[in-house]
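See structure below.
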Amino acid sequence: MKLPFFAQLFKSLARPPATNPFPAPHLPPSVTEYLDDVRAGQAKLNPPVPFPPGGRGRIAYDPAACIGCKLCIKVCPAHAIDFIPEAKKIRIFRAQCIACGQCTEVCAKKCLSMDGEFLQADTDRNSPALVAE
Ligand code: SF4
Ligand code: SF4
């Protein structure tokens, strides 16, 4: 049943945030210097919110089980998956992935899954954290 406007408003106000707060309590003059302070133990980052139940998170790949059938590539709406012909395996660009989960459903060998990790920020879009192969 649909709640009246004010009931919905108060329910939302009482609910914990669903998205991560800005990592620092206030916008620092220099993010780089703030991160240096965090590393030195002189400043703290706001912790991320807990992963929500039923959330998908990040795409994970088990290359050992992959038979290189390319079905995942065909269904990926974000064109986030490449084929590596010499290895007959795939490579997933996580920065491009929209976490739709379609590849996990089509893979007959069950080598694709969503791993529940959703913090993936990186300064290098080709870092091992952002490229699954
Ligand atoms: S669908 Fe599965 S087995 Fe086929 S290429 Fe993709 S990951 Fe490999
Ligand atoms: S989860 Fe969706 S967007 Fe991400 S690699 Fe699989 S099919 Fe592509």
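The values are calculated or read from the model by the stated rules, or taken from the named source; none is laboratory data. The structure presented is a predicted model; accordingly, all values stated were derived computationally and were not measured. Backbone-built Cβ (ideal geometry, glycine too); neighbour counts: all protein chains shown. Accessible surface areas use protein heavy atoms only, side chains included; no ligands, DNA or RNA. Shrake-Rupley method; radii C 1.70, N 1.55, O 1.52, S 1.80 Å.
Restricting to segment 86-121, give me the number of residues that are within 9 Å of ligand 1 (Cβ to nearest atom), surrounded by 15 or more Cβ atoms within 10 Å (Cβ to Cβ) and basic (Lys, Arg).
Selection size over segment 86-121: 1.
Collect the residues in segment 38-85 that are at pLDDT 95 or above, open to solvent by 60 Å² or more (accessible area, probe 1.4 Å) and in a helix (DSSP H, G or I), keeping them in residue-number order.
Those that are at pLDDT 95 or above, open to solvent by 60 Å² or more (accessible area, probe 1.4 Å) and in a helix (DSSP H, G or I): 64, 71, 74.
When the residues of segment 93-129 are narrowed to those that are of a type in the set (Val, Ile, Thr) and in a helix (DSSP H, G or I), which ends up farthest from ligand 2 (Cβ to nearest atom)? So that I can check it myself, show each step before the final result.
Within segment 93-129, the subset of a type in the set (Val, Ile, Thr) is 98, 104, 106, 123.
With the extra rule that they be in a helix (DSSP H, G or I), the set shrinks to 104, 106.
Details: 104: 7, 106: 8 Å.
Within segment 93-129, the match that is farthest from ligand 2 (Cβ to nearest atom) is 106.
Do the conditions hold for residue 59, that is, is it near ligand 2 (Cβ under 10 Å from one of its atoms) and out of contact with any Asp or Glu (no Cβ under 7 Å at 6 or more places or on another chain)? Working first, answer last.
On the way: near ligand 2 (Cβ under 10 Å from one of its atoms): yes; out of contact with any Asp or Glu (no Cβ under 7 Å at 6 or more places or on another chain): yes.
So residue 59 fits the description; yes.
Please pick out the residue among 9, 27 that is open to solvent by 60 Å² or more (accessible area, probe 1.4 Å) and not in a helix (DSSP H, G or I). Lay out the reasoning, then the answer.
On the way: 9 fails: not in a helix (DSSP H, G or I).
The conditions single out 27.
Give just the number: which of (1) farther than 30 Å from residue 19 by Cα; (2) touching a Ser or Thr at 6+ places or on another chain (Cβ under 7 Å) does residue 112 not satisfy?
(1)
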